[in-house]
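The values are calculated or read from the model by the stated rules, or taken from the named source; none is laboratory data. Remember, it's a predicted structure, so these values are computed and weren't measured experimentally. Methodologically, a virtual Cβ is constructed for each residue, glycine included, from the backbone with ideal geometry; neighbour enumeration extends over all protein chains shown.
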Amino acid sequence: MDRLMFYIDGAWVDPMRASTIGVINPATEETIGRISLGSSADVDRAAAAARRAFATYCETSVEQRLFWLGGIIDGFRARLPELARTMTLEMGSPITFATERQATVALFHFEEAARVLADFAFEERMGAGIVRHEPIGVCGLITPWNWPLNQVASKVAPAIAAGCTVVLKPSEIAPLSAMILAEIIHASGLPAGVFNLVNGDGPTVGEAIASHPEVDLVSFTGSTSAGIRVAMLAAPTVKRVAQELGGKSANIILPDADIRAAVIAGVHACYTNAGQNCQSPTRMLVHVSQRDVAFDAARTAVASIRLGDPLRPETTLGPLVSQGQFDKVQKLIQTGIDEGATLLAGGLGRPAEMNRGYYVHPTVFGDVTPQMTIAREEIFGPVLSILNYETEDEAVEIANDTPFGLAGFVQSSDPQRALRLAKRIRAGRVYLNGAAFDRSLPFGGYKQSGNGREFGIYGFREYLEVKAVLGYPG
C-alpha cells in the first residue's frame, strides 16, 4: 500500500526530496504501507498550482461545478467498500462502523455540498445595492486521523463547491483513504490545480500551509494546542482561520429520564470510534439519588462491548490509533485511579485476550469530581467519567465548567425541560434524548473548541467572501 507520490496540478508527482514514513495498522502493529513526507517546497508547488487554477475555476458556473461533484459522488459510491476497509487498516475503525459511518458520512458531505450549491443565491439585492458571495480563494486544509475521510470531505466538498481551490494535508498517521479520494477526484475531471494533496507532518507541511502567503483560508481540525499554533502562523498574512478543536462534552441525565437506558446509551456514545471522537459525551452527569443505578447500568453497557479484530463485522470496539495514543490513555487512567475516582469497569493495561495491537479496556470511572484531571482533559479513548449533581443549576454549572464547548447532551422525558437546559449549555451543538448526528446542521465549537462552522450551508459559507456593490440601478 505504498503511496509515495503527491497529487499536484492534476498529476501524481514525486516529492521534492525523498523522505518516507510507515503507516501502521493499529490492530497488528505492522507496517502496511509507506508515504512520503513533504516539505515546504512541495507546499509551494501545490499552492502555486491552486492559485493558477483559481483564476479560472472561480468563474465556472454552478452547473459545471455540480457536474464535477456528481462525478466525485459516483466514484466515491463505487469505491466505498475499499475506502471503508482502508480506514479500518490505517486507523483501526471496526469495519461495520467504517462502512456505515466513516465512509458513508464522508460521501454525504459531497452530496450535501451539491445540494447546497444547487440552491445557493450567490447574488441578491439588498438596500440600494447588490450583495455578492464570492469564493475566498486558495484554501489550506489540515485534517486529523480519527475521522480520516469524513474530515477531509467536510472541508474539500464545500470548498470546491463554492469555487475555491485547495491544498490538502491529511494526517500522516492515516493518509491512505485520502489518497484514494484523490484518485476519485482526478477521475471526475475536476480541472488541474483545483485539488492538490501533499502528505507530511504538522511541523513541516502543516505549518507551511498555515503560514503560506498564497493561502487565503486555513481550515484545521485537531487539538486545541495545535490550533493555537495554526492561528499564530496564519496571523501575519491575516488569512481567515476556521478551526474545529478539542472537546469535553457533558451528558446531563435528568432525574425524569429512563436512567438505565440513558446511561447505557451514553456509555456507547462515549465509546464511538474507540472514544477517539472530539464531541463524545465523556462526562456523564447523574443526579446523586441515581448514583447506584447509573453505576450498575454502566457496567451492563461495558459488558456488551465486543472488543476484537476490526475487520470482523461483529467487532464494536477496535484499537486506539497508535502507541502514543495508547500510552496517553493509560497515563490518564492511572491518574483517575490516583486521584480517587471509583473504577467501575476496565482499567489499566491491554485486554488479556488481545496479544497485539493498541487495545485498551473500555473504562468507566464513578464518583468523579469536576476538578479531577479525567474530568478536565480530553482523553481521546474509551474512558467515561460519571459525575454527580444535586440540582439542575449545578448540572449546568458543571457542564459549562470547561475550556471546551464543542457539544452537549441532555436526557429528559420532558422535551421542554431538555430544551431549557440546552439553551444554557455553552456549546456549538446540543443533542436531546439521543438525537441522530444531523450532518446538514452546523458543527463547530464555542470557547477553545474552535471557531467557524462545518457541514451544510453554514460550512459552505465559510469558503465565501461577501462583497457589496453599490450604485447599480435596481
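What residue, among those in segment 420-474 that are touching a residue at least 60 places away in the same chain (Cβ under 8 Å) and of a type in the set (Val, Ile, Thr), is surrounded by the most Cβ atoms within 10 Å (Cβ to Cβ)?
The extreme case among them is ILE425.
Can you name the residue in segment 18-50 that is crowded, with 18+ Cβ neighbours inside 10 Å and among the charged types (D, E, K, R) and, of all such residues, is nearest to GLN323 (Cα to Cα)?
In this case the residue turns out to be ASP42.
Six or more apart or on different chains, Cβ under 6 Å: which pairs go from a residue in segment 54-74 that's under 12 Å from GLY189 (Cβ atoms) and assigned by TED's automatic domain parsing to the domain that holds ALA187 to one that's among the polar types (S, T, N, Q) and at pLDDT 95 or above? Could you list them?
Hits for this filter: TRP68/SER188; GLY71/SER188; ILE72/SER188.
Assigned by TED's automatic domain parsing to the domain that holds GLY71, farther than 25 Å from VAL241 by Cα, surrounded by fewer than 19 Cβ atoms within 10 Å (Cβ to Cβ) and not charged (D, E, K, R): does that describe ALA128?
Judged against the criteria, ALA128 is a match.
Criterion first (out of contact with any Cys (no Cβ under 8 Å at 6 or more places or on another chain), among the aromatic types (Phe, Trp, Tyr), in contact (Cβ under 8 Å) with a residue 60 or more places away in the chain and in a helix (DSSP H, G or I)) does PHE97 satisfy it?
Yes, satisfied.
Which residue out of VAL238, VAL198, VAL194, VAL215 is over 27 Å from ALA84 (Cα atoms) and in contact (Cβ under 8 Å) with a residue 12 or more places away in the chain? Give the steps one after another, and end with the answer.
Details: VAL238 fails: in contact (Cβ under 8 Å) with a residue 12 or more places away in the chain; VAL198 fails: over 27 Å from ALA84 (Cα atoms); VAL194 fails: over 27 Å from ALA84 (Cα atoms).
Among VAL238, VAL198, VAL194, VAL215, only VAL215 is over 27 Å from ALA84 (Cα atoms) and in contact (Cβ under 8 Å) with a residue 12 or more places away in the chain.
Can you pull out every residue in segment 289-318 that is in contact with a Lys or Arg (Cβ under 9 Å, 6 or more places away or on another chain) and closer than 20 Å to THR99 by Cβ?
Restricting attention to segment 289-318, the residues satisfying the condition of being in contact with a Lys or Arg (Cβ under 9 Å, 6 or more places away or on another chain) are 293-294, 296-297, 300, 306, 311-312, 314-317.
Correct list: ARG306, LEU311, ARG312, GLU314, THR315, THR316, LEU317.
Being surrounded by 15 or more Cβ atoms within 10 Å (Cβ to Cβ) and small (Gly, Ala, Ser) is the filter; apply it to segment 324-347 and report the residue that is nearest to ALA297 (Cα to Cα).
ALA345
Report, by residue number, each residue of segment 350-401 that is assigned to a strand (DSSP E or B) and either closer than 30 Å to GLY308 by Cβ or charged (D, E, K, R) (or both).
If the condition is that a residue be assigned to a strand (DSSP E or B) and either closer than 30 Å to GLY308 by Cβ or charged (D, E, K, R) (or both), then THR363, VAL364, PHE365, GLY366, VAL383, LEU384, SER385, ILE386 are the ones that fit.
Quick one: would you say ALA118 is hydrophobic (A, V, I, L, M, F, W, C), touching a helix residue (DSSP H, G or I) at 6+ places or on another chain (Cβ under 7 Å) and surrounded by 15 or more Cβ atoms within 10 Å (Cβ to Cβ)?
No, not satisfied.
Of THR104, THR60, which residue is over 30 Å from ARG17 (Cα atoms) and either part of a loop (DSSP other than H, G, I, E, B) or in contact with a Pro (Cβ under 6 Å, 6 or more places away or on another chain) (or both)?
The unique qualifying residue is THR60.
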